């Protein structure tokens, strides 16, 4: 595992590292929004999330999910139009396990569990097979939310798809107090397979 720390890098370098880890302007804007609404709290409350503030730049790429870490289930509450267009149907209200399968389901479910169990943002870049064997790259930032302030039981995700191939093995980073920690090894056993 590799970790970078603000004390070593300085604040400006930490911001550059965040931009490098996230790698996309949409994800960078979402991270800035989440950081602002959490204020001095460990994680923001669900009610702090304001769709009018999120705006048209982020909403199409957004997912809001209920996460139960004990049952290991994820249910889609709000689904942006980019996902509806991509999947060809609205997945609002559907369980993650009814939308994805195989290694990709295991990978995405593992990311949700990591976000809510550690109560920290997670950035991930991966590739997967889509219709007719086409490989796509997905980059996502997943951040924890709380309904009641005591536990992370929701996740706000911003995800972008690219037609370029992604990394061979998933790249996964979790926010640490002073930087981003590379936790890709936890997911290296997963290969690319159809969703």
Would you mind computing, in nm to one decimal, how far apart the modelled labels at residue 70 and residue 135 are, each placed 7 Å from Cα along Cα→Cβ? 4.2
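Counting only C-alpha contacts under 8 Å and six or more residues apart, can you give the relative contact order of the stretch 2-187 as a whole percent?
Values: 348 pairs, mean separation 47.5, N = 186.
Relative contact order comes out at 26 percent.
Every read-out reported here was derived from the displayed coordinates using simple, explicitly stated rules and does not represent laboratory data. Just so we're clear, the structure is a prediction, and the values are computed from it rather than from any experiment. Here Cβ is always computed from backbone atoms with ideal geometry, including for glycine, and neighbour counts include all displayed protein chains.
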